[in-house]
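The values are calculated or read from the model by the stated rules, or taken from the named source; none is laboratory data. Here the structure is a predicted model, which is why all the values come from computation and not from measurement. Backbone-built Cβ (ideal geometry, glycine too); neighbour counts: all protein chains shown. Each accessible area value is taken on the protein alone, full model and side chains, heavy atoms only, with ligands, DNA and RNA left out. Shrake-Rupley method; radii C 1.70, N 1.55, O 1.52, S 1.80 Å.
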Amino acid sequence: MATGGSRPSGFVSLLLLLAGVLLFWMTVPHLGTAARAATADGPRGTFTAARLVCAGHSGHTTCEWAGTFRSDDGTVELVGVKLYGSGRDTFEAGRTAPAVDVGNAGRVYDPTGSRAWIITVVLVVLAYVLLVAVARRHLMPPASPGDEGRRTHDAPRRLLPRPSPLAQPPSRS
């Protein structure tokens, strides 16, 4: 933040603004599916494992089972979906498990819910903090040179009564 009345850096503010907008753009549309995944809100059905799909990145390999999902009432059938949280040793091809379709394209979830919402909420809060920082840098008036140590939002200070001249201790002579 700017101090001493200097103008905030336009480049830093632009980076903060872009980062905040990008995070909002990436996360806000997924808040609904993240909430539904946390509460397992959606049609319940059966996931049938077909194949193990693995992706390697940064020296780490993550695997999930892909297959089909069919709702219990038969109204929803999804092909090529992954079961969130399924690992390499979770299934064999053809094995089934209960699942919930929460509306997240290409993914179904365990009926007990998911903690995938946590990262979404953390990123939304981070985006909000970045955008508030940019707004404060550019929408708040800069401090006046004499105001640096003042508290403008606190209650007015009380003046203490001055001691009476009669109450002064006698001087030693």
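What the table below lists for this structure:
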read-out: Point-to-point label distance, Val121-Thr39, nm (Cα→Cβ direction, 7 Å offset); value: 1.3
read-out: Segment 6-122 - percent of accessible surface contributed by carbon and sulfur, probe 1.4 Å; value: 59
read-out: Karplus 3J(HN,Hα) series, Hz, for segment 78-86 with 6.51 cos²θ - 1.76 cosθ + 1.60 (x for Gly, Pro); value: 10, 10, x, 8, 9, 8, 4, x, 7
read-out: Debye log10 I(q)/I(0) at q = 0.22, 0.29 Å⁻¹ for segment 56-115, Cα point scatterers; value: -0.92, -1.38
read-out: Extension gain from Asp72 to Val53, taking 0.36 nm per residue of separation minus the Cα-Cα distance; value: 4.3 nm
read-out: Mean accessible surface per residue for segment 1-135, computed with a 1.4 Å probe while every protein chain stays in place, in Å²; value: 60
read-out: For Ala50, distant residues with modelled amide H under 5 Å away; value: Ala66, Gly67, Thr68, Gly94
